[in-house]
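Novice: Quick one: the structure is below, questions incoming.
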Amino acid sequence: MKLLSLAVLMVVALSATAQQKFGHVDSESLFYAMPEVKAIQTQLQNKSKEYENQLTALYTQYENIITDIESNGANYMQAVLEQKYKDAYGLEERIVALEKKAQEDLVNLETKLFQPVEQKAYQAIQSVANDNGYAYVLDSSLGVFLVLPESDDLTNMVKTALGIY
């Protein structure tokens, strides 16, 4: 009796699963097709360039001090030489601090700017899936699927829903 109950339960579970539709979206392709992403990438590149310019100026100052010490160090009085070393050390600290700040700021800015775009894409995927009766939507950009039916690719429908094309 238990075996029969288990068999009936399995048949019911399988038939319920068979009625659900599975779809897939290439989220990477979708994301990079969104015009907002291109604008954000440009903004991030500009901010990165600002930090790069600041760091280049500090590197140049540091190299000038070191070159001066190497070239003229023997001619300087001890107090002047010590001050040059302090200046070089101070620049090293500023460089390290700016590198750290730049990295943190860029990561925070990227997160802040991309979060609404990711949310917009996710909502469009949800909407297309609901409108077309898909119970599950998998991300095909991860590349772990062996078979992906073209008929269940929702990427173009989601792009259309977002006004891309």
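Novice: Any chance region 91-109 includes a residue that's under 28 Å from Val25 (Cα atoms), within 21 Å of the chain's Cα centre (by Cα) and assigned to a strand (DSSP E or B)?
Specialist: No, because not a single residue in region 91-109 is under 28 Å from Val25 (Cα atoms), within 21 Å of the chain's Cα centre (by Cα) and assigned to a strand (DSSP E or B).
Novice: Sort out which residues of region 11-59 are within 18 Å of Tyr134 (Cα to Cα) and either at pLDDT 95 or above or not in a helix (DSSP H, G or I) (or both), and write them in order of number.
Specialist: Residues satisfying the conditions are Gln19, Gln20, Lys21, Phe22, Gly23, His24, Val25, Asp26.
Novice: Kindly check whether there is at least one residue in region 148-156 that is of a type in the set (Val, Ile, Thr) and out of contact with any Asp or Glu (no Cβ under 6 Å at 6 or more places or on another chain). Give the derivation first.
Specialist: Taking region 148-156 as the starting set, the residues that turn out to be of a type in the set (Val, Ile, Thr) are 155.
Restricting the remaining residues to those that are out of contact with any Asp or Glu (no Cβ under 6 Å at 6 or more places or on another chain) gives none.
Among the residues of region 148-156, not one is of a type in the set (Val, Ile, Thr) and out of contact with any Asp or Glu (no Cβ under 6 Å at 6 or more places or on another chain), which makes the answer no.
Novice: Let me ask something additional. Write out, first by first residue and then by second, each pair whose Cβ atoms fall under 9 Å of each other, whose residues are 6+ apart or on separate chains, and whose first residue, in region 99-118, is at pLDDT 95 or above while the second is outside any helix (DSSP H, G or I).
Specialist: Cβ pairs passing all conditions: Val117/Met34.
Novice: Report the residue count in region 110-147 for those that are in a loop (DSSP other than H, G, I, E, B) and either buried (at least 16 other Cβ atoms within 10 Å of the Cβ) or on the phi < 0 side of the Ramachandran plot (or both). Quick ask: steps written out before the conclusion?
Specialist: At the first step, the residues of region 110-147 found to be in a loop (DSSP other than H, G, I, E, B) are 132-133, 143-147.
So of that shortlist, the ones also either buried (at least 16 other Cβ atoms within 10 Å of the Cβ) or on the phi < 0 side of the Ramachandran plot (or both) come out as 132, 144-147.
Selection size over region 110-147: 5.
Novice: In addition: Within region 148-165, can you find the residues that are touching a helix residue (DSSP H, G or I) at 6+ places or on another chain (Cβ under 8 Å), part of a loop (DSSP other than H, G, I, E, B) and surrounded by fewer than 17 Cβ atoms within 10 Å (Cβ to Cβ)?
Specialist: Passing the criteria: Leu148, Ile164, Tyr165.
Novice: List pairs: first in region 71-89 and among the acidic types (Asp, Glu), second in a helix (DSSP H, G or I), Cβ under 7 Å, 6+ apart or cross-chain?
Specialist: Once the first residue is among the acidic types (Asp, Glu) and sits in region 71-89, its partners that are in a helix (DSSP H, G or I) give Asp87/Ile65.
Novice: Considering each residue of region 26-52, count those that are closer than 16 Å to Pro116 by Cα and surrounded by fewer than 13 Cβ atoms within 10 Å (Cβ to Cβ), and give that number.
Specialist: Looking only at that region, the number is 4.
The values are calculated or read from the model by the stated rules, or taken from the named source; none is laboratory data. What you are looking at is a predicted structure, and each value in this text was computed from that prediction instead of being measured. Glycine gets a Cβ as well: all are built from the backbone with ideal geometry, and neighbour counts include every protein chain shown.
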